[in-house]
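**Q** Below you will find the structure I want to go over with you.
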Amino acid sequence: MRPLNHPVSGHRLEPPLTRPVPPPRDPAPSRIAYRLHRLWLTPLVRILLRRVLPVAALVAGLLAFVATPENITRAHEGLTELRRSIEQRPEFMVVALRIEDASPELAEDIRELTSLTFPVSSFDLDLPHLRAEIEGLDAVGRADLVIRSGGILEIRIDERVPVAIWRHREAVELVDVEGRRVQGLSETGGLPPLPLIVGDGADRAVAEALALIDVAARWEDRIAGLVRMGERRWDLVLASGQRILLPEREAVAALEYVIALDGAHDLLNRDFKAIDLRNSARPTLRLSPEALEKLHLMRGPGRGDDS
Amino acid sequence: MAQLYQSQRAMRNRRQAALQRGVVAIIDVGTCKIACLILRFDGPQRFAGADGVRSSAGQSSFRVIGAATTRARGVRFGEIETMRETERAIRTAVQAAQKMAEVRVDHVIASFSGARPRSYGLEGVLELHDGPVGDHDIARVLAACDLPDLGTGREALHAQPVNFVLDHRSGLQDPRGQVGHRLGVDMHLLTVDTIAIENLLHCVKRCDLELAGVASSPYASGISALVEDERELGAACVDMGGGTTSLSIFARKHMIFAETVRMGGEHVTSDISQGLQVPMATAERIKTLHGGVVATGMDDREMIELGGETGDWELDRRTVSRSELIGVIRPRVEEILEEVRARLDAAGFEHLPAQRIVLTGGASQIPGIEGLAARILGQQVRLGRPLRVQGLPSAAAGPAFASAVGLCLFAACPQDEWWDFEVPHDRYPARSFRRIAKWMKENW
């Protein structure tokens, strides 16, 4: 047993096992914190800080940015560059042109007209404008432009078919059924085997002219052409210079009548200048002067005024 | 007195402004805790019937939207002692309540229990000349009360007309419109130390708040803890607080007496601390958990560990039996109650038709106190809890919050006081009449 008061050598006094008692917790807001809290609870300040201030800061920033012109140009350049980089992606590039249903000459014409240099971005292609340009060609009736997958611009052409040669004051042209010019004919080139129509306004009645030519098929080698008279009716001109004046309406029926007469009486080999069918109630035959003389002689004197 | 009249009227106007704005704060400055409630006024009958709250005392026109309690600092015997500390405590409570309510309050109504309240019964008589009694006559009869010498440094806190006499009819609540020749009034005047009000005003001002009313804590706990019948027939409310035990006597729906005993729960705690030689915090915990005033045989066997952090094993492992604890608590509680008895006797409480006594306040939560109080104060003792108020958290609905809740009711519908009536014209200083006469002479 060790005496209680005996000092132990080398044994230092142990610190107490318990922690020092902390001062009682006494939270109280400082005056500044209290005032700020009250300020924050003020409705006006709250609205200002939460609604007005962010919007004002945003607007001010935008205005400061816009105030210097370099910023605008730089932003514009950046946007353009971005747009460019998207447009130039390979997915949007057109690399080839394919023209379908067109004669080789026309295709060549179209290639020259569009004058595209591939590759080109599909954003840069103005298809409606291109289409209008192609349809501006005489030989083209309709053009459909489609960008196919794989970057191919396909142009499908509906070509006009020439059905007649139209000679008018300025030139000689090939026209289609609707009377639209397909191609001009040069002086030196030979004529294609197509019926000839002549006169102002002939292009507006090509279909009727074709019907007439159809009816007069048995005279094929004798027909010189059709002449549009006064932009309202047709004259059928034969190779011998004889004319058949057709009426304005029901010209086909009138021509069939003449053909029937020809079949019955061999009319075309007679010596006349013109058959006038303009008045269907009174078809008239105009004879040549020699034939008229001969008729007078046959009928005897005194009856010369009878034609 | 005129200055007091003006300041009280200004507070009434501020209260009106606060009600217009719809938000007002309540601060109950106690010795143990400072409670802050924030009320929102949304118009009468808005919350009627909700949550079982009925409109018996005007409490249906508001709801509590923020509540906070903090440990009181710098308050002794219900009076502000250290201004800085009290200001910090008020700031803490108000900020926490504002945070809960998410609204900023500018007007507060405060109450405190100390400052040696003293009650006076005043009497005034006025000969009426013609016609029925009007507001003007009431103002005149109130002004006709002969004011006793209040003493230096005293100020009136409440001045409520409690009874009107018209000719030979007494017990009138409101004589307006009645015809008579002689109007008399009994007024209850409660005075407190001026310095206490000024300190409170200063603390509140330092917190950027405006005082919209001051009430005495016994009055506030009386209107919240007493039911209507008790207030009508006569009852005393004993609010056993931390540093003071305040008592108020009500009869005919008016407070007729208020007094403070400068002893409370903190004295019990300090007795335990001294008697059992434990720190105050431990003493408070032991009192709250194991306290009581009536010892039984069972309590001899129930041992309470006192605990401790000193590091001395012998000291930290002490135990006391509950009987010993009760032996410490009981004499102090008896002393408080006897003091209350003496004050009640001095006030003539036994002459009231009913002698109901209601115990409320934090210290009334000691188990068995109603038996002890019945032995000292009389048979008609009950424990009172404050009235239910819409939106009050349950943590703030106990008897310790009686005066805070009473202050809410005071804010919602205050009783008519002297300063609610216009100053009678003959009380204006003569100088102003002279000025009017001069102006007349100059202009006509």
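The values are calculated or read from the model by the stated rules, or taken from the named source; none is laboratory data. Quick caveat: nothing in here was measured; it's all calculated off a predicted structure. All Cβ positions, glycine included, derive from the backbone under ideal geometry; neighbour counts span all protein chains shown.
**Q** Taking the range A:25-79 as the region of interest, how many residues are among the polar types (S, T, N, Q) and more than 9 Å from chain B (Cβ to nearest Cβ)?
**A** Keep residues of the range A:25-79 that are among the polar types (S, T, N, Q), which gives A:30, A:42, A:68, A:71, A:73.
Those still in the list that are more than 9 Å from chain B (Cβ to nearest Cβ) too: A:68, A:71, A:73.
Going through the range A:25-79 one residue at a time, the tally reaches 3.
**Q** Here is a follow-up. Only one of these is over 20 Å from B:ILE26 (Cα atoms), crowded, with 23+ Cβ neighbours inside 10 Å and modelled with pLDDT of 90 or more: B:ALA220, B:ALA258. Name it.
**A** B:ALA258
**Q** Those residues that are under 51 Å from the mean Cα position of the chain (by Cα) and of a type outside the set (A, V, I, L, M), I need them from the range A:264-273; list them, please. Outline the logic, then answer.
**A** Of the residues in the range A:264-273, the ones under 51 Å from the mean Cα position of the chain (by Cα) are A:268, A:273.
Passing the criteria: only A:LYS273.
**Q** Could I ask something else about it? Can you tell me how many residues within the range B:94-112 are of a type outside the set (Lys, Arg) and more than 19 Å from the chain's Cα centre (by Cα)? Step through it out loud before you land on a result.
**A** Applying the first criterion (of a type outside the set (Lys, Arg)) to the range B:94-112 yields B:94-98, B:100-103, B:105-112.
Now restrict to residues that are more than 19 Å from the chain's Cα centre (by Cα): B:94-98, B:100-103, B:105-106.
The total comes to 11.
**Q** If you don't mind, there's one more thing I want to ask. If the requirement is being of a type outside the set (A, V, I, L, M), in contact with a strand residue (DSSP E or B) (Cβ under 6 Å, 6 or more places away or on another chain) and in contact (Cβ under 8 Å) with a residue 40 or more places away in the chain, which of these qualifies: A:GLU135, A:GLU154? Lay out the reasoning, then the answer.
**A** Values: A:GLU135 fails: in contact (Cβ under 8 Å) with a residue 40 or more places away in the chain.
Answer to the check: A:GLU154.
Conditions tested, residue by residue: (1) at negative phi; (2) within 18 Å of the chain's Cα centre (by Cα).
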residue: A:GLU112; (1), (2): yes, yes
residue: A:SER115; (1), (2): no, yes
residue: A:VAL120; (1), (2): yes, no
residue: A:ASP126; (1), (2): yes, yes
residue: A:ARG131; (1), (2): yes, yes
residue: A:ALA139; (1), (2): yes, yes
residue: A:GLU154; (1), (2): yes, yes
residue: A:TRP166; (1), (2): yes, no
residue: A:ALA171; (1), (2): yes, no
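**Q** Moving on. As an exercise: evaluate A:PRO29 against (1) exposed (fewer than 10 other Cβ atoms within 10 Å of the Cβ); (2) at pLDDT 65 or above; (3) assigned to a loop (DSSP other than H, G, I, E, B) and give the number of the one condition it does not meet.
**A** (1)
The rows are residues; the columns are (1) aliphatic (A, V, I, L, M); (2) within 20 Å of A:GLY199 (Cβ to Cβ).
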| site | (1), (2) |
| --- | --- |
| A:GLY225 | no, yes |
| A:MET229 | yes, yes |
| A:ARG233 | no, yes |
| A:LEU238 | yes, yes |
| A:LEU246 | yes, yes |
| A:GLU256 | no, no |
| A:ALA260 | yes, no |
| A:ASP271 | no, no |
| A:LEU277 | yes, yes |
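**Q** Here is a follow-up. Quick check on this structure: which one of B:LEU359, B:LEU306, B:LEU325 is closer than 27 Å to B:PRO117 by Cβ, away from chain A (no Cβ under 14 Å) and either surrounded by 15 or more Cβ atoms within 10 Å (Cβ to Cβ) or not aliphatic (A, V, I, L, M) (or both)?
**A** Values: B:LEU306 fails: closer than 27 Å to B:PRO117 by Cβ; B:LEU325 fails: closer than 27 Å to B:PRO117 by Cβ.
Answer to the check: B:LEU359.
**Q** OK, next. Answer with yes or no whether B:GLN59 is away from chain A (no Cβ under 14 Å), surrounded by 23 or more Cβ atoms within 10 Å (Cβ to Cβ), at pLDDT below 90 and in a loop (DSSP other than H, G, I, E, B). Walk me through it before giving the result.
**A** Working: away from chain A (no Cβ under 14 Å): yes; surrounded by 23 or more Cβ atoms within 10 Å (Cβ to Cβ): yes; at pLDDT below 90: yes; in a loop (DSSP other than H, G, I, E, B): yes.
Against the criterion (away from chain A (no Cβ under 14 Å), surrounded by 23 or more Cβ atoms within 10 Å (Cβ to Cβ), at pLDDT below 90 and in a loop (DSSP other than H, G, I, E, B)), B:GLN59 qualifies.
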